[in-house]
Amino acid sequence: MKTLLAALLIALLTGCATGPVIDHTYSAKGQSSRVKFVVLHYTAINLPQSIKVLTEQTVSSHYLLTDEAVPVVYGLVDETRQSNHAGVSNWKNYTLLNGSSIGIEIVNPGFTESPAGRVWYPFPQAQVDRLIVLLQDIVKRHNIPPENILGHSDIAPQRKQDPGPLFPWDQLARHGLVAWPDAAKVAAARPVYDLMLPDVAWFQARLATVGYAVPQTGIFDDATRNVIAAFQMKYRPLTIDGAPDAETAALLDALTTPAVKPAA
């Protein structure tokens, strides 16, 4: 009798220590990954400082990609948990993307100011190659579409510039990781916009279609300029002045005009 009571007591105590017993016999059909986006950043500081900041301060990321000759990927936050990398952010109908994204910090100095303007730092090819492998794995596991692989400047264009104009988005696009405007469509649309540039409302509407949070006022204000500059940084990095020009219009056209389906 005493042995039975002791066994029951142990079982009770064990249950209390481990939490409630959950039966996983059934699984709901209506579910998906928490992760909808991947957001890329540069650290703007060196590797030792990056490790210290991302592990000891409030800001964090799921992964840190080093700039060593043989780059290392450090996993700092489990993908099931939220990291603090995006801040105040918007994309499509999502806000505050920390809760729905994976953040990747890439060790890169960012830029320095010079008398001639900002001098941006390139990303070593070995680092880019390692990033592509990491992204391919994340995309496969979470079924993330190419239009949701983003830069910090995409989701927070009023305050962020990373990963900057020297980040090789085109390389990611060649691996199917990023939505990219078709070159033939851009070339076909460019002469039309050289002849007549759309008004500001058109640019604002098309940028919103891509996913950017942009005013829909028809007024070319500083906020709109910043969003256009963020778009240019990704798709036309040679000139990132934020001006609504013909080339930017052609790129937006190619990205946002639905493909015409052939007649049945």
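The values are calculated or read from the model by the stated rules, or taken from the named source; none is laboratory data. All values derive from a computational prediction rather than experimental measurement. Every residue, glycine as well, gets a Cβ built from its backbone with ideal geometry; the counts of neighbours run over all protein chains shown. Areas reflect the complete protein model, heavy atoms only, side chains present, ligands, DNA and RNA absent. Shrake-Rupley method; radii C 1.70, N 1.55, O 1.52, S 1.80 Å.
Worth pointing out:
- Rounded percent of accessible protein surface that carbon and sulfur make up, the range 130-171, 1.4 Å probe: 49 percent
- Taking all Cα pairs closer than 8 Å and separated by 6 or more residues, the relative contact order of the range 198-253 comes to 32 percent.
- Taking every DSSP bridge with both residues inside the chain, close to 45 percent are antiparallel.
- For Gly87, the residues whose amide H sits under 5 Å from its own are Asn98, ignoring neighbours fewer than 5 places away on the same chain, with H placed 1.01 Å from N.
- Note: relative contact order over the chain, using C-alpha pairs below 8 Å and six or more positions apart, is 17 percent.
- Computed magnitude of the charge dipole of the chain (debye, nearest 20; Cβ of K, R +1, Cβ of D, E -1): 800 debye
- Summed over qualifying helices (DSSP H, 4 residues or more, each -39500 (n - 2.57)) and divided by its residue number, the chain shows a 222 nm mean residue ellipticity of -12000 deg cm²/dmol.
- Using a Gaussian network model of the chain in which every pair of alpha carbons under 10 angstrom is joined by a spring, one finds that among Pro191, Pro168, Pro20 the greatest mean-square fluctuation is at Pro20.
- In the full protein context, the chain carries 56 Å² of accessible surface per residue, based on a 1.4 Å probe and ignoring ligands, DNA and RNA.
- Violating pairs (Cα-Cα greater than 30 angstrom) within the set Lys29/Lys234; Lys36/Lys160; Lys92/Lys140; Lys92/Lys185; Lys29/Lys52: Lys29/Lys234; Lys29/Lys52
- For the range 30-128, the antiparallel share of DSSP beta bridges with both residues in that region comes to about 50%.
- Peptides 28-39, 230-241 ordered by average Cβ neighbours within 10 Å, highest first: 230-241, 28-39
- In the list (1) 183; (2) 155; (3) 205, the label attached to volume of the Cα convex hull per residue in Å³ as derived from the coordinates here is (3).
- Mean Cβ neighbour count within 10 Å, used as a protection proxy, ranking 176-186, 199-209 highest first: 199-209, 176-186
- Largest first, the residues Thr43, Thr18, Thr224 sort by 1.4 Å accessible area into Thr18, Thr43, Thr224.
- Separation between Cα centres of the range 180-254 and the range 26-104, rounded to whole Å: 28 Å
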